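Before any comments, here is the structure.
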Amino acid sequence: MLTKIKDLTATLAPRMIEIRRHIHSHPELSGQEYQTAAYVAGVLSSCGLHVRESIGKTGVLGELKVNSNNQWLAIRTDMDALPIKECTNLDFASRNTGIMHACGHDVHTTVGLGAAMVLSELGEPLLGNVRFLFQPAEEIAQGANWMIEDGALEDVQGILGVHVYPTIPAGSVGIRHGVLTAAADDLELTIIGESGHGARPHEAIDAIWIASQVITNLQQAISRTHNPLRPVVLTIGKISGGRAPNVISDQVKMWGTVRSLHPDTHKVLPAWIENIVANICGSYGAKYELNYRQGVPSVQNDPALTQLVESVSLEAWGSDRVCILPEPSLGAEDFSMYLKKVPGMMFRLGVGHKDKPNYPLHHPQFEADESAIVTCVVTLAYAAYKYWHNCHLGH
């Protein structure tokens, strides 16, 4: 069966390259993937899949139903691009000024379609139903929730996902057991003091100085009040305050992101941060307003599905092309929202070039090696086949 899947994928490879280049040339921002969704729906329909549009606002479902058992394995890929001006000089570079597939979602969408194309041609040997989720708005961590609210996980028994990785060479697959990505929260904090003359600070409450104490104490407290084996990264990425050089500021506003890996740590972070802010502000007579939004949790890969994808990858590509990732990433992925409902796993797809520089994700010169598409489609299609084959055997 692996040989048949590889042969089908090789035959369809030129078409998949066409698809990827079309999607790359026409990127759309989160929640605005109208043309991408229409294109995806058209490809799925041409493969004979049952297609449902406007799932999760601009999302698409493609269903390959091979038996009457209403149970599904889901394969999720995302479609949105980023507000970045592309600087790759590719012949198929973005035609939408200021928007770019700088995170590889054009590759993700393509491999989702490729797996659908291969499995639809595989026919009878596939023993179970596969639902393909083409998700919008991953970059703003909203799309997964939209899809779930519209029933994308109904009767789903398990879910697979993938994300490109430029530090892994194209043709290789990265497997991570356990935690893959971090939980990501947002905070918005306003320090409220009292204005005064710059020459008489004792008559005012200096919001800028107090804000600096808050930032410094938060960073120091992480290393002394949290388990260092359960890392937390708190970054204040934007700060605004002050009216004039000789006027003590009465208000400072700051925005930041908070990343963590362990679920127990994630739970206590809002109260921990507010306690530090409250103590510092109280000590100097200031007030504060804290808006802390807990975002997506960490991606925790299911052990059985991780073992499945690892064994499939080893069989398909050999140990030289399967990388066991020793560390998680502090990046975030709203794929984790699906994992609150059903078992799932996400693997890394190597897209690194062997003969030229590999720029990181979200870089205006990021460029994926297209040869990785075949690797991923075979891996996804064979994993779907093995998933239902193993279930049929009672494993």
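Here are a few things to note about the model shown:
- Within segment 70-112, the set of residues being touching a Ser or Thr at 6+ places or on another chain (Cβ under 7 Å), under 21 Å from Tyr385 (Cβ atoms) and outside any strand (DSSP E or B) comprises His108, Val111, Gly112.
- Considering the conditions (1) of a type in the set (Ser, Thr, Tyr); (2) closer than 30 Å to Ala278 by Cβ; (3) open to solvent by 60 Å² or more (accessible area, probe 1.4 Å), Ser212 is excluded by exactly one of them, (3).
- Qualifying residue in segment 225-242 (condition: over 17 Å from Leu290 (Cβ atoms), in a helix (DSSP H, G or I) and open to solvent by 50 Å² or more (accessible area, probe 1.4 Å)): yes
- Any hit, segment 67-83, residues being surrounded by fewer than 24 Cβ atoms within 10 Å (Cβ to Cβ), touching a His at 6+ places or on another chain (Cβ under 9 Å) and either under 22 Å from Cys47 (Cβ atoms) or among the β-branched types (Val, Ile, Thr) (or both): no
- Taken together, the residues in segment 174-209 that are part of a strand (DSSP E or B) and either open to solvent by 10 Å² or more (accessible area, probe 1.4 Å) or over 27 Å from Gly350 (Cα atoms) (or both) amount to 14.
- Odd one out for Gly171, checked against (1) within 29 Å of the chain's Cα centre (by Cα); (2) in a strand (DSSP E or B): (2)
- Some residue of segment 128-136 being more than 20 Å from the chain's Cα centre (by Cα), hydrophobic (A, V, I, L, M, F, W, C), open to solvent by less than 10 Å² (accessible area, probe 1.4 Å) and modelled with pLDDT of 95 or more: yes
- Here the condition is being crowded, with 21+ Cβ neighbours inside 10 Å, under 30 Å from Pro14 (Cα atoms) and either at pLDDT 95 or above or within 22 Å of the chain's Cα centre (by Cα) (or both); of Val374, Val322, Val296, it holds for Val322 alone.
The values are calculated or read from the model by the stated rules, or taken from the named source; none is laboratory data. Here the structure is a predicted model, which is why all the values come from computation and not from measurement. For neighbour counting, all protein chains shown are included, and Cβ atoms are generated from backbone atoms with ideal geometry for every residue, glycine included. Note: accessible area is taken over every heavy atom of the protein model, side chains too, but ligands, DNA and RNA are not part of it. Shrake-Rupley method; radii C 1.70, N 1.55, O 1.52, S 1.80 Å.
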